[in-house]
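Chemist: The following block contains the structure, expressed as structure tokens.
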Amino acid sequence: MAFVFSNRKRFKDLSEQEVIALAISSEEDDAQIYRNYAASLRPEYPDSAVVFEEMAKEEDGHRAALIKLHKDRFGDHIPLIRREHVAGFYARNPVWLIENLGLDRIRSEAQAMERAAEEFYRKAAQRTTDADTRELLGHLAAAEAGHDKRAGDLMDEHLGEEQRAVEDDSAHRKFILTWVQPGLAGLMDGSVSTLAPIFATAFATQDTWTTFQVGLAASIGAGISMGFTEAASDDGELSGRGSPLKRGFASGIMTTVGGLGHALPYLIPDFWTATITALVVVFVELWAIAWIQNRYMETPFMRAAFQVVFGGALVFAAGALIGGG
């Protein structure tokens, strides 16, 4: 029923000319995406950038073959039709989103792009009655299916094992410094520093709504403070810690999340139910922090658990004593 009210055409309703035009625009888009990946990777991963440049050239070749086919069958005028004009057609993730997620995510997105393109060409070949068109679309489907191998060949050609290991290590290090470290610092600050004001308010007033309001204000305020502090502390140029904007968002958002975790239970009207629930959430938060420290920062788990849980217990005790007194 969703398609009834859509202003997009269904794939099965496209003419053969529109299918070829759609393939042309899709190849053009994919080539541009690969070139954008190459441009974003070039400063830090020049060898991987070369691989994506070569993949873009492959897409250019497909586009040229499709344009020749269109001219032979339908003339020079190519209808304007793109992915977003076709209901249910495979979509590409925004380039800026994938670029921000790192080298491995870009590689996996490229593989997904090739698989989706292969499926499109196979379906398109089944729809055509022209022998030459069917032959070309089948050839392109096979080419897209072979791109995983081709990408591997390009990796071997331009990116040997040593260079790939260096790039992978650099990408992992940048991920840790840009996202994990600031996010972990924020989560620790939000989870621990807000314990005292939230539980002090809870035990002082035994009013769940007031406690929630204090917790909400403390969490958001701490998130804003941590975000600005992280972003302003280092521009990332010399330290290699990456974009200050990304680090600021990671730190600020995780600080807010850490505080809201044990503030949200106070939306429960019953005081003791809310408090017990909040304590369970605190326990989960602190052990999650210990796990992240062990997983990404290589801190021994028991040491991380002792530091975080013991510190959190002290802050909670301070808040409960002050509020209860």
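The values are calculated or read from the model by the stated rules, or taken from the named source; none is laboratory data. Just so you know, these numbers come straight off a predicted model, no measurement behind them. In this analysis, Cβ positions are derived from the backbone assuming ideal geometry, glycine residues included, and neighbour counts consider all displayed protein chains.
Chemist: Where the second residue is in a loop (DSSP other than H, G, I, E, B) and surrounded by 17 or more Cβ atoms within 10 Å (Cβ to Cβ) and the first is in contact (Cβ under 8 Å) with a residue 60 or more places away in the chain and of a type outside the set (D, E, K, R) and lies in the range 34-52, which pairs have Cβ atoms under 7 Å and are six or more apart or on separate chains?
Modeler: That search, which allows pairs on different chains as well, returns 48/159; 51/159.
Chemist: In this structure, does residue 211 turn out to be outside the structural domain of residue 44 (by TED's automatic domain parsing) and farther than 21 Å from residue 311 by Cβ?
Modeler: Values: outside the structural domain of residue 44 (by TED's automatic domain parsing): yes; farther than 21 Å from residue 311 by Cβ: yes.
So residue 211 fits the description; yes.
Chemist: Please determine whether any residue of the range 143-166 is in a helix (DSSP H, G or I), at pLDDT 75 or above and of a type outside the set (Asp, Glu).
Modeler: For the range 143-166, residues in a helix (DSSP H, G or I), at pLDDT 75 or above and of a type outside the set (Asp, Glu): present.
Chemist: Considering each of 217, 232 in turn, give the residue that is more than 23 Å from the chain's Cα centre (by Cα), surrounded by fewer than 14 Cβ atoms within 10 Å (Cβ to Cβ) and small (Gly, Ala, Ser). It would help to see each step written out before you state the result.
Modeler: Working: 217 fails: surrounded by fewer than 14 Cβ atoms within 10 Å (Cβ to Cβ).
After ruling out the rest, the residue left standing is 232.
Chemist: Filter the range 273-325 for residues that are buried (at least 16 other Cβ atoms within 10 Å of the Cβ) and of a type in the set (Asp, Glu) and give the result.
Modeler: 285
Chemist: Does residue 39 fit the bill of being at pLDDT 90 or above, out of contact with any helix residue (DSSP H, G or I) (no Cβ under 6 Å at 6 or more places or on another chain) and not hydroxyl-bearing (Ser, Thr, Tyr)?
Modeler: It is false that residue 39 is at pLDDT 90 or above, out of contact with any helix residue (DSSP H, G or I) (no Cβ under 6 Å at 6 or more places or on another chain) and not hydroxyl-bearing (Ser, Thr, Tyr).
Chemist: Return the residues of the range 255-296 that are within 17 Å of residue 217 (Cβ to Cβ), over 27 Å from the mean Cα position of the chain (by Cα) and not aliphatic (A, V, I, L, M); say none if nothing qualifies.
Modeler: Those that are within 17 Å of residue 217 (Cβ to Cβ), over 27 Å from the mean Cα position of the chain (by Cα) and not aliphatic (A, V, I, L, M): 265, 266.
Chemist: OK, next. Give 27, 54, 59 a once-over and let me know the one that is in the same structural domain as residue 124 (by TED's automatic domain parsing), surrounded by fewer than 22 Cβ atoms within 10 Å (Cβ to Cβ) and part of a helix (DSSP H, G or I).
Modeler: Working: 27 fails: surrounded by fewer than 22 Cβ atoms within 10 Å (Cβ to Cβ); 59 fails: surrounded by fewer than 22 Cβ atoms within 10 Å (Cβ to Cβ).
Within the list 27, 54, 59, the selection yields 54.
Chemist: Give me the pairs, please: first residue somewhere in the range 267-295 and at positive phi, second residue anywhere and of a type in the set (Asp, Glu) and modelled with pLDDT of 90 or more, beta-carbon distance under 6 Å, and either six or more positions apart or on two chains.
Modeler: Going by the 6 Å Cβ cut-off, there are no qualifying pairs.
Chemist: On to the next question. Being assigned by TED's automatic domain parsing to the domain that holds residue 206, of a type in the set (Val, Ile, Thr) and either closer than 23 Å to residue 216 by Cβ or in a helix (DSSP H, G or I) (or both) is the requirement here; does residue 299 meet it? It would help to see each step written out before you state the result.
Modeler: Working: assigned by TED's automatic domain parsing to the domain that holds residue 206: yes; of a type in the set (Val, Ile, Thr): yes; either closer than 23 Å to residue 216 by Cβ or in a helix (DSSP H, G or I) (or both): no.
Answer is no for this residue.
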